[in-house]
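Asker: I'd like to ask you about the structure that follows.
The values are calculated or read from the model by the stated rules, or taken from the named source; none is laboratory data. Nothing here was measured: the structure is a model prediction, and the numbers come from that model. With ideal geometry, Cβ positions are generated from the backbone for all residues, glycine too; neighbour counts draw on all protein chains shown.
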Amino acid sequence: MKGLGLDRLALLLTVASGTASAAPPAADARQPVSMPAAARAELRAEMIDFMAALNELIGYLGEGKLAEAGQVADARIGVGAMGKHRNSPPEAIPGRYMPDAMHGIARGMHVAASDFARVARKGDREKAYGALQQVTAACVACHATYRLE
Ligand code: HEC
């Protein structure tokens, strides 16, 4: 226990309690985006499904089932997944509350996923991985820049 004096322990406890506070970390430079509760819930549900779809299609890629991987990407992340809020009430449509640049990243993600599907269907796994990274790059870019308020 030499080296962990009481003063060190006190410091550790202070740091730990600071992390547990409700305030966002000072280093969080992401732009907060405000949306009604219904749109926030819808966005989160969509995100959970994007993650699941990504996991599924990576599984197919690993098994060499490229067409299936493309099918999942197209239907759940790609252009095929756009516009499904068409008949929802306005307060449940996340895209309406996104700043233009954020909306642009979202559209880029949909297009990249459909591009991936096209590449995957051609059967070249290396090219498919390259195209898939265009999709995950959109996930990364948006998460690094924006958060919900
Ligand atoms: C246009 C912006 C945008 C894109 C593109 C995007 N996300 Fe998100 N995502 C968000 C925002 C905003 C949140 C909420 C972050 C927060 O908690 O404030 C989020 C949250 C999430 C969450 C956590 C959901 C929860 O329950 O809190 C997951 C998982 C996720 N995204 C996965 C993905 C994956 C996978 C992709 C790419 C296929 C993706 N996202 C693309 C904006 C985006």
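Asker: If a residue must be among the charged types (D, E, K, R) and free of Cβ contacts under 8 Å to residues at least 40 places away in the same chain, how many such residues does segment 45-96 contain? Explain how you work it out, then say what you get.
Answerer: In the first step, residues of segment 45-96 are kept if they are among the charged types (D, E, K, R); the result is 46, 49, 56, 63, 65, 68, 74, 76, 84, 86, 91, 96.
Those still in the list that are free of Cβ contacts under 8 Å to residues at least 40 places away in the same chain too: 49, 56, 63, 65, 68, 76, 84, 86.
Qualifying residue count for the region: 8.
Asker: Taking Ile77, is it surrounded by 17 or more Cβ atoms within 10 Å (Cβ to Cβ), near the ligand (Cβ under 10 Å from one of its atoms) and more than 18 Å from Ala52 (Cβ to Cβ)?
Answerer: Details: surrounded by 17 or more Cβ atoms within 10 Å (Cβ to Cβ): yes; near the ligand (Cβ under 10 Å from one of its atoms): yes; more than 18 Å from Ala52 (Cβ to Cβ): no.
Answer is no for this residue.
Here is a yes/no grid of residues against (1) surrounded by 14 or more Cβ atoms within 10 Å (Cβ to Cβ); (2) closer than 26 Å to Asp28 by Cβ; (3) touching a helix residue (DSSP H, G or I) at 6+ places or on another chain (Cβ under 9 Å):
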position: Ala53; (1), (2), (3): yes, no, yes
position: Val72; (1), (2), (3): yes, no, yes
position: Tyr97; (1), (2), (3): yes, yes, yes
position: Met109; (1), (2), (3): yes, yes, yes
position: Val119; (1), (2), (3): yes, no, yes
position: Lys122; (1), (2), (3): no, no, yes
position: Thr145; (1), (2), (3): yes, yes, yes
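Asker: Taking Arg30 and the conditions (1) touching a residue at least 60 places away in the same chain (Cβ under 8 Å); (2) in contact with a Ser or Thr (Cβ under 7 Å, 6 or more places away or on another chain); (3) surrounded by 15 or more Cβ atoms within 10 Å (Cβ to Cβ), which numbered condition does it fall short on, given that it satisfies the others?
Answerer: (3)
Asker: Continuing with the same structure: Starting from segment 99-120, keep only residues that are at pLDDT 95 or above and within 9 Å of the ligand (Cβ to nearest atom), then list their pairs with residues that are of a type in the set (Asp, Glu) and in a helix (DSSP H, G or I) whose Cβ atoms are within a distance under 7 Å, requiring at least 6 positions of separation or different chains.
Answerer: That search, which allows pairs on different chains as well, returns Ala113/Asp74.
Asker: From the list Gly62, Gly95, Gly80, which one is small (Gly, Ala, Ser), closer than 18 Å to Ala141 by Cα and out of contact with any strand residue (DSSP E or B) (no Cβ under 8 Å at 6 or more places or on another chain)?
Answerer: Working: Gly62 fails: closer than 18 Å to Ala141 by Cα; Gly80 fails: closer than 18 Å to Ala141 by Cα.
Being small (Gly, Ala, Ser), closer than 18 Å to Ala141 by Cα and out of contact with any strand residue (DSSP E or B) (no Cβ under 8 Å at 6 or more places or on another chain) holds for just one of Gly62, Gly95, Gly80, which is Gly95.
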